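Here is the structure we will look at, set down as structure tokens.
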Ligand SMILES: NC(=O)c1ccc[n+]([C@@H]2O[C@H](COP(=O)([O-])OP(=O)(O)OC[C@H]3O[C@@H](n4cnc5c(N)ncnc54)[C@H](O)[C@@H]3O)[C@@H](O)[C@H]2O)c1
């Protein structure tokens, strides 16, 4: 069987996780490293033995030997690059979010169906053992009827993080910040576990403004699951700690509390005997290997990339399909629209007021 020939477009912070996932497969090879900053492509290629580099994604897409492409660039370019790749007949693994505009996401999903190519949006935490276990417990009724939940991510991103990036902290390049970027996984995983979510209300703000950031640093929302459960969701990038994400789901028969991290930690699983026994198995599982790159991205890109390669071969629908990415994109859009409607945002500080730069105005610019 011919090995899967893959290319990586965008050789920045997350690219090593894609290299790692592809390298772990027995029947795949990375054929191209592509970055419009050629030095970055060359450096990734040198480090991981990738034979070809280019600064132009068109060269990659014109190569008939390429079967599939990772798209790991700023959010604003996901839709155009994924469209070009699907039109060139490639299977596409695009980093989250699928696109910035749900209309583009809908078109991408339709294009993947029409071309018969696999389209997957990176949601690596859907493959974390603790997450798949909780999903199984919910499906088996071990939590009873879901009634409530709390989802929270706090992390710290300083002024340099935004100032040194050409796209972070901008509405045009990132499409938001705390929610669409750092908060994405906690929202996506919770939506997947709950079988859907709608927005009951949301507010967003820039609570600790820093230079070069025009987007929200904090967002809080109330979400409703299909069975009626009410959840609070909040995310901030203005915390003093680097990363901590926490999801608590409460059912009539049992409750769970866990982190999306590395390794995903189960803190609590209270309920009947079956839930306790299942939780014990998760706690006792073997230690996972250390992740490559940035620790809190975890190790599950490997699992998603293995699933992506298998889906290319056998056509099964992935847990992190393009359609699932589209649903999460629609939820993000609903949250940002809800936050825009909030007219009781805290009064901006004097500097903010002078700049006229409160979040509500910024969101309005986003359209
Ligand atoms: N799944 C995760 O846990 C995770 C973690 C980090 C980042 N991400 C996502 O990955 C994506 C990239 O993030 P990052 O942190 O690696 O960004 P980054 O800024 O570190 O890297 C992006 C790279 O893309 C290159 N690039 C931009 N436009 C290009 C083009 N048209 N053709 C070729 N190269 C181009 C840039 O030169 C840059 O090197 C984003 O969507 C981000 O949200 C996901």
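Quick notes
- Relative to one another, the C-alpha centroids of the range 262-295 and the range 183-221 are positioned 26 Å apart.
- Each stretch of four or more DSSP H residues adds -39500 (n - 2.57); spread over every residue of the chain, this sum gives -11000 deg cm²/dmol at 222 nm.
- Potential lengthening between residue 27 and residue 2 on full extension [0.36 nm per residue; Cα-Cα distance subtracted]: 8.2 nm
- Between the range 136-171 and the range 4-39, the Cα center-to-center distance that results, in Å: 26 Å
- Gaussian network model of the chain, springs between alpha carbon atoms under 10 Å - residue of 230, 38, 98 with greatest fluctuation: 38
- Paramagnetic label zone (point 7 Å from Cα along Cα-to-C-beta, residue 280; backbone N under 11 Å) in the range 234-260: none
- Ranked for footprinting exposure by Cβ neighbours inside 10 Å, fewest first, 152, 70, 123 give 152, 123, 70.
- One decimal place: the segment residue 13-residue 39 gains 8.0 nm when fully extended, by the rule 0.36 nm per residue minus the C-alpha distance.
- Net lengthening on full extension, residue 198/residue 314 (0.36 nm per residue, minus Cα-Cα): 38.5 nm
All of the numbers you see were taken from the coordinates with simple rules; none came from a lab. Worth saying up front: this structure is predicted, and the values here are computed from it rather than measured. Ideal geometry is used to build each Cβ from the backbone, glycine not excepted, and the neighbour counts take in all protein chains shown.
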